[in-house]
Amino acid sequence: MLTITDETGKQVRRLDLDKSVGLRRVAWNLRGDPPAPASGAGGGAGQAAGGAAGFGRGQMVPPVAAGRYRAALGNLVGDKVTPIGAPQSFQVFVIPQ
C-alpha cells in the first residue's frame, strides 16, 4: 500500500499495490481519495455508475492543491499499517499555461 499525506500529516490518498515480487512503478493522478459511500446506502445511482454517491461516471475528485506531500509504503494487515522504509517528501506545483 502507498499512502500519500499532506504537510499536516492528513491522509490524501491510499493506493493498493501489486503484492507480487519484483520492481513496481506507481502513478498517482494527483487526486484525493473518493468519498466513502454513505452508510446504509442501498447502491444508489452514484454507486451504480461506478463511484461513491455523488461521484459517478464522468465525475472526479478535484486535484490536490500545490504544496508539499509525503509518500510512504506500508504493509496493511487488518486495519493496521506497518511502515516499510522511510517516507519520501515531494512538492506539487501548478504549471502555468
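Add +1 for every Lys or Arg and -1 for every Asp or Glu among the other residues with Cβ under 9 Å from the Cβ of Phe90, and state the total. Walk me through the numbers before you get to the answer.
Working: positive: Arg68, Arg70; negative: none.
Charge balance near Phe90 sits at +2.
Within 10 Å of each residue's Cβ, count the other Cβ atoms and sort Ser20, Ser89 from fewest upward.
Working: Ser20 6, Ser89 11.
In order of increasing Cβ crowding within 10 Å: Ser20, Ser89.
Considering only the other residues whose Cβ falls under 10 Å of the Cβ of Asp33, what net charge follows from Lys and Arg at +1 and Asp and Glu at -1? Kindly include the intermediate steps, with their values, before the conclusion.
Details: positive: Arg13, Arg14, Arg31; negative: none.
Summing Lys/Arg as +1 and Asp/Glu as -1 gives +3.
Using a ≥ b ≥ c from the Cα gyration tensor of the range 1-40 (square roots of the eigenvalues), is it rounded, prolate or oblate, where a/c under 1.5 gives rounded and otherwise the larger of a/b and b/c decides, a/b for prolate? List each step's numbers first, then the result.
Values: a/c = 2.44, a/b = 1.46, b/c = 1.67.
Since a/c reaches 1.5 but b/c is at least a/b, the shape of the range 1-40 is classed as oblate.
We did not get these values from a lab; they are worked out from the coordinates using the rules stated. None of these values were measured; they are calculated from a predicted model. Note that we place each Cβ from the backbone using ideal geometry, even for glycine, and neighbour counts take in every protein chain shown.
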